[in-house]
2 protein chains.
Amino acid sequence: MARRADHTRDELTKLVLAAAREIVVEEGFRGLTTRKLAARIGYSAGSIYNVFHNIDALIIEIDASLLDELFEAVTSEPLPGGVEPALKALARRYVVFVQNNQNLWNLLFEHRLPPGEVLPDWYYPKLERLLAIVEERLRPLFDDSDAAAVGRSVRLLWAGVHGIASLAGTGKLKIISSDGAMELIDDLIDNYVAGVRANNRI
Amino acid sequence: MARRADHTRDELTKLVLAAAREIVVEEGFRGLTTRKLAARIGYSAGSIYNVFHNIDALIIEIDASLLDELFEAVTSEPLPGGVEPALKALARRYVVFVQNNQNLWNLLFEHRLPPGEVLPDWYYPKLERLLAIVEERLRPLFDDSDAAAVGRSVRLLWAGVHGIASLAGTGKLKIISSDGAMELIDDLIDNYVAGVRANNRI
DNA sequence: GATTGTAATTGAACGATGTTCAATATATTT
DNA sequence: AAATATATTGAACATCGTTCAATTACAATC
């Protein structure tokens, strides 16, 4: 059989992506194989390669859509005023999103590109605009001239929250129960921001 | 061929472990395969399964020895006095160790057990005694009665440093240059500890 | 409408992977 | 010397991602 006209190239792309997400949601990212994917959409494994260069490219696409959805989840409602409340609300939405999308989130953070491969250029802005939300709320704590310090804080908080959520999610370190993650994050924000206030006297 | 007496069971175990570490150091943890491992020690792939239940068990063993070495690296010299200097020194030794053992460290934090499998009981104390070092230095910041708060801080700082080192190491988020990781960690310690001091007034 | 060109789809194949296991050969015990 | 136990192997199994010649349907051209 060849050249069915069941779907356009574009439809097929979306079909593959949707089926891949389903598999990851149901079975985790170890369950995502080309043959299972092909079976689910009623095409052959080879057809996937007509639409994606390889499985890594597929995964990157899923990751990208996840980041878009995180942005959506984090910005859909207005944030409360005040630095700490805003940051805590952001972190809470982040953690809730991660918990609601555990398997997909694991895909995003546990998947490693083969050595030498790099993420496509369009990928990074999706992250940057997430960082920008944090930066906006953090800026009042710093002197206008000290843009470097703000950038540092944003990245530090992002990495910190990621570290907590990651260790809580995998349980690998047995450090943090999933419930306790939010507690730790609140602690981090409370004390870090207090420290910044104290050290910057603003 | 069968039943050579080249090595005792114990020697073979150590041979396998040593060869596995070499491979990971040289090629990253994706390079670690049973056949390559077998070839390097001059045995067949099947022999590895005489000594380790499977590859995951082997990796856990490598992880464990790495944690032991980290403990060694972190405690070999006395820490400076004062909370911030001690914590920063600890973090610095941690980061240096991670940088000096990048591929092995990636193995430790990127390897995931298959769903359902759990780490053996003897694994966790190796982590706990690392956390205990941090806790010892952090305790002066807290009221004696507030043991929960100290525990939170320890785990939070550990997860935060892990998050920073992890994102710096993988470059996946393009957030942090490897050089900048230490800067972020210092920032975290400086401001977090200042915040704890301010909030606890001790 | 017939001919040509283009692009999609497949199934088989390739070289890997982790793991299992009967067969075998050596040590050890009786 | 015979019997038992154990270490070792190599082939086999079921996977995996990926490639590609062959096939077929559609689109463009005449």
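The values are calculated or read from the model by the stated rules, or taken from the named source; none is laboratory data. Remember, predicted model here, so these are calculated numbers, not experimental data. So basically every Cβ, Gly included, is an ideal-geometry build from the backbone, and we count neighbours across all protein chains shown.
Tabulated data
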| quantity | calculated |
| --- | --- |
| Test result for residue A:21, within 16 Å of DNA strand C (Cβ to nearest atom) and either within 23 Å of residue A:126 (Cβ to Cβ) or not small (Gly, Ala, Ser) (or both) | no |
| Subset of region B:52-93 [more than 16 Å from the chain's Cα centre (by Cα) and over 27 Å from residue B:18 (Cα atoms)] | B:78, B:79, B:80, B:81, B:82, B:83, B:84, B:85, B:86, B:87, B:88, B:89 |
| All positions within region A:1-21 that are exposed (fewer than 14 other Cβ atoms within 10 Å of the Cβ) and under 28 Å from residue B:115 (Cα atoms) | A:18 |
| Lone qualifier among A:5, A:38, A:86, A:45 - being farther than 19 Å from residue A:108 by Cα, away from every other protein chain (no Cβ under 14 Å) and more than 16 Å from DNA strand C (Cβ to nearest atom) | A:86 |
| Which numbered condition residue A:65 misses (of (1) in contact (Cβ under 8 Å) with a residue 24 or more places away in the chain; (2) more than 16 Å from DNA strand D (Cβ to nearest atom); (3) closer than 30 Å to residue A:187 by Cα) | (3) |
| Odd one out for residue B:118 among (1) more than 12 Å from the chain's Cα centre (by Cα); (2) closer than 26 Å to residue A:30 by Cα; (3) in contact (Cβ under 8 Å) with a residue 12 or more places away in the chain | (3) |
| Which listed residue, of A:119, A:107, A:113, is more than 16 Å from DNA strand C (Cβ to nearest atom), at pLDDT below 95, part of a helix (DSSP H, G or I) and within 14 Å of another protein chain (Cβ to nearest Cβ) | A:107 |
